[in-house]
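Participant: Next up is a structure, given as structure tokens.
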Amino acid sequence: MSDERVHRVLRQHVETERLLGVEVVPVDLEAVAAAEPQDDAQGAAHTARVSRRSAAPVSVSTQNPVRPAIVVRPDLPELVSGNAGASLAVLDEEAVRGCTQCELHAGRSQTVFGTGDSAASLMIVGEGPNADDEQAGEPFAGEAGAFLNKQIAAMGLSRDAVYLTHLVKCRPPSNRMPHADEAAACGGFLARQVEIVSPKVILVMGGHAAKLLLGVTESITRVRGQWHAYAGPAGEIPVMATFHPTYLLRAYTPENRKKVWSDLQAVMGALEAGK
Ligand code: SF4
């Protein structure tokens with residue numbers, strides 16, 4: 001096992017434990033190395049075993065399909081054929097930045113479109129930009145973003161490898177939740193982003209985003225932990241809902257941490273199964 005791989009495995013392990021509230025982890029490096037396969041063949045077998053352990057079948061509930069309001073709007077710029085990054089840039093520059101479709105435009109200093117890999121397997125959707133996001137010009141900035149980065153790392157991914165965005169692209173005043181009409185107006189942009197990125201899994205963070213994206217009325221405590229479906233143009237995409245990082249930072253209880261980690265593990269399993 002290479003030093004790089006040992007480091008990666010340990011780092012992921014520590015990030016996971018930290019996410020779950022464990023601050024100190026005794027690690028016997030020799031024992032870890034001895035427990036791992038040494039040659040490529042054994043390494044491949046080990047990887048397969050890890051994949052089988054983490055891969056969970058995705059049972060998607062279609063009882064709560066996405067609301068008809070969250071669909072691609074007909075007035076959006078054409079896609080750039082075969083170039084997801086360029087298609088996203090055109091959508092941002094030509095449609096979102098100058099948008100005045102809802103009242104949120106009046107208070108914004110800039111729109112917050114989205115960031116990350118335009119071909120990501122995982123798309124993470126939040127509720128709306130907060131002040132940190134608006135200042136940075138990208139979603140999930142500031143303390144909540146730093147915490148989300150740890151969650152992403154605990155899943156064995158990097159922030160650059162996923163695609164991050166919000167349901168609405170302008171910061172609601174006083175960091176309130178977006179209203180349904182605002183989400184409906186802005187949902188057309190999100191629907192187009194989903195169409196372009198075409199992720200294997202969507203992780204929606206926060207009860208309000210889950211309600212508006214999935215068209216459900218139940219609280220996040222009832223919606224999280226089970227698979228839902230987003231009816232995209234290329235077919236259904238599995239959606240997992242979980243607590244927003246801001247909420248988890250406020251209510252950092254062992255019970256909530258375990259619930260979120262369980263949701264993230266389900267996402268990891270679905271991503272592994274979809275490889
Ligand atoms: Fe347009 Fe969305 Fe901003 Fe409303 S929130 S003004 S729909 S970009």
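Participant: Which condition does TYR230 not pass, out of (1) assigned to a helix (DSSP H, G or I); (2) among the aromatic types (Phe, Trp, Tyr); (3) closer than 16 Å to ILE70 by Cβ, if it passes all the others?
Facilitator: Tallying (1) assigned to a helix (DSSP H, G or I); (2) among the aromatic types (Phe, Trp, Tyr); (3) closer than 16 Å to ILE70 by Cβ, TYR230 fails exactly one: (1).
Participant: Looking at (1) modelled with pLDDT of 95 or more; (2) within 16 Å of the ligand (Cβ to nearest atom); (3) at positive phi, which is the only condition ASP133 fails?
Facilitator: (3)
Participant: Looking at GLY128, is it in contact (Cβ under 8 Å) with a residue 40 or more places away in the chain, among the small types (Gly, Ala, Ser) and surrounded by 14 or more Cβ atoms within 10 Å (Cβ to Cβ)?
Facilitator: For GLY128, the condition - in contact (Cβ under 8 Å) with a residue 40 or more places away in the chain, among the small types (Gly, Ala, Ser) and surrounded by 14 or more Cβ atoms within 10 Å (Cβ to Cβ) - is met.
Participant: Something else about it: If GLN151 satisfies every condition in (1) polar (S, T, N, Q); (2) in a loop (DSSP other than H, G, I, E, B); (3) within 21 Å of GLN265 (Cα to Cα) but one, which is the exception?
Facilitator: Answer for GLN151: the failing condition is (2).
Participant: Which condition number in (1) touching an Asp or Glu at 6+ places or on another chain (Cβ under 6 Å); (2) within 16 Å of the ligand (Cβ to nearest atom); (3) in a helix (DSSP H, G or I) is the one that VAL112 fails?
Facilitator: (3)
Participant: Among the residues that make up region 71-83, is at least one of them surrounded by 20 or more Cβ atoms within 10 Å (Cβ to Cβ) and at negative phi?
Facilitator: No, region 71-83 contains no residue that is surrounded by 20 or more Cβ atoms within 10 Å (Cβ to Cβ) and at negative phi.
Participant: Go over the candidates ALA144, ALA119, ALA95 one by one and state the one that is part of a helix (DSSP H, G or I), over 11 Å from the mean Cα position of the chain (by Cα), more than 10 Å from the ligand (Cβ to nearest atom) and in contact (Cβ under 8 Å) with a residue 60 or more places away in the chain.
Facilitator: Step by step, each of ALA144, ALA119, ALA95 is checked, and only ALA144 is part of a helix (DSSP H, G or I), over 11 Å from the mean Cα position of the chain (by Cα), more than 10 Å from the ligand (Cβ to nearest atom) and in contact (Cβ under 8 Å) with a residue 60 or more places away in the chain.
Participant: Looking only at region 174-224, count how many residues are of a type in the set (Asp, Glu) and within 16 Å of the ligand (Cβ to nearest atom).
Facilitator: The total comes to 2.
Participant: Return the total of residues in region 187-218 being among the aliphatic types (A, V, I, L, M), under 12 Å from LEU167 (Cα atoms) and assigned to a helix (DSSP H, G or I).
Facilitator: So the count comes out to 8.
One line per residue, one yes/no per condition, for (1) buried (at least 18 other Cβ atoms within 10 Å of the Cβ); (2) under 22 Å from ASP92 (Cβ atoms); (3) among the polar types (S, T, N, Q); (4) within 16 Å of the chain's Cα centre (by Cα):
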{"position": "PHE140", "(1), (2), (3), (4)": "yes, yes, no, yes"}
{"position": "ALA154", "(1), (2), (3), (4)": "yes, no, no, yes"}
{"position": "VAL162", "(1), (2), (3), (4)": "yes, yes, no, yes"}
{"position": "CYS170", "(1), (2), (3), (4)": "yes, yes, no, no"}
{"position": "ALA183", "(1), (2), (3), (4)": "yes, yes, no, no"}
{"position": "ALA191", "(1), (2), (3), (4)": "yes, yes, no, yes"}
{"position": "LEU214", "(1), (2), (3), (4)": "yes, no, no, yes"}
{"position": "GLY225", "(1), (2), (3), (4)": "no, no, no, yes"}
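Participant: Filtering region 233-275 down to residues that are part of a strand (DSSP E or B) and not small (Gly, Ala, Ser), which residue is farthest from the chain's Cα centre (by Cα)?
Facilitator: Result: GLU236.
The values are calculated or read from the model by the stated rules, or taken from the named source; none is laboratory data. Since this is a predicted model, take the numbers as computed values, not measurements. Positions of Cβ are backbone-derived with ideal geometry, glycine not excepted, and every protein chain shown enters the neighbour counts.
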